[in-house]
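Enquirer: Here it is: the structure, laid out below.
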Amino acid sequence: MSETNKLSAAAAEQAVGVQASVQDANAQLFASLMNAPNKDPSAVSTESGDAYYQKLVGKKFISPAECDKLMAEGKDAIDPNNTFTVDDLPKNHRYYKEGDMITLDMDESRLNVVLNKASSVCQKVYWG
């Protein structure tokens with residue numbers, strides 16, 4: 001076997017090894033994704049023991065704009081027993097009304113707050 005053929009055979013063998021490594025890595029990634037917890041909002045159980053569940057569900061959300069308007073009018077309508085504001089949420093959060101379009105990116109440290117479309121009352125909270 002000539003020197004060129006030996007180099008070509010070695011290169012082909014190395015390429016097969018790289019391809020196998022990539023396939024193994026892809027298989028591991030696929031397996032981890034298949035075993036990842038489902039964070040679809042409709043499938044996530046909101047545990048009543050979660051502190052934010054206890055703190056927010058059933059209370060009306062007062063948006064920053066609504067808060068500013070109430071304060072400008074001299075009204076103190078922020079009753080902590082029945083309402084909450086962004087100040088009551090962790091730094092990493094998002095709130096939206098039922099049926100709103102949201103991005104599907106998952107961030108385990110983000111609290112999602114789902115509000116009733118008509119009343120802005122918190123329906124559920126979940127992490128993701």
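Enquirer: What's the number of the only condition in (1) open to solvent by less than 80 Å² (accessible area, probe 1.4 Å); (2) small (Gly, Ala, Ser); (3) over 21 Å from the mean Cα position of the chain (by Cα) that residue 51 fails to meet?
Expert: (3)
Enquirer: Quick one: is residue 6 modelled with pLDDT under 85 and either in a strand (DSSP E or B) or loosely packed, with under 10 Cβ neighbours inside 10 Å (or both)?
Expert: no
Enquirer: Moving to a separate point now. Looking for whichever is open to solvent by less than 60 Å² (accessible area, probe 1.4 Å), modelled with pLDDT under 60 and either closer than 14 Å to residue 112 by Cβ or among the small types (Gly, Ala, Ser) (or both) here; the options are 90, 41. Which one fits?
Expert: Values: 90 fails: modelled with pLDDT under 60.
Among 90, 41, only 41 is open to solvent by less than 60 Å² (accessible area, probe 1.4 Å), modelled with pLDDT under 60 and either closer than 14 Å to residue 112 by Cβ or among the small types (Gly, Ala, Ser) (or both).
Enquirer: Restricting attention to the stretch 55-87, and to residues there that are basic (Lys, Arg) and either touching an Asp or Glu at 6+ places or on another chain (Cβ under 8 Å) or in a loop (DSSP other than H, G, I, E, B) (or both), which single residue is most open to solvent (accessible area, probe 1.4 Å)?
Expert: Here the residue is 75.
The values are calculated or read from the model by the stated rules, or taken from the named source; none is laboratory data. Model, not experiment: these values are computed from the prediction. All Cβ positions, glycine included, derive from the backbone under ideal geometry; neighbour counts span all protein chains shown. Protein only, heavy atoms only, side chains kept; ligands, DNA and RNA dropped before computing areas. Shrake-Rupley method; radii C 1.70, N 1.55, O 1.52, S 1.80 Å.
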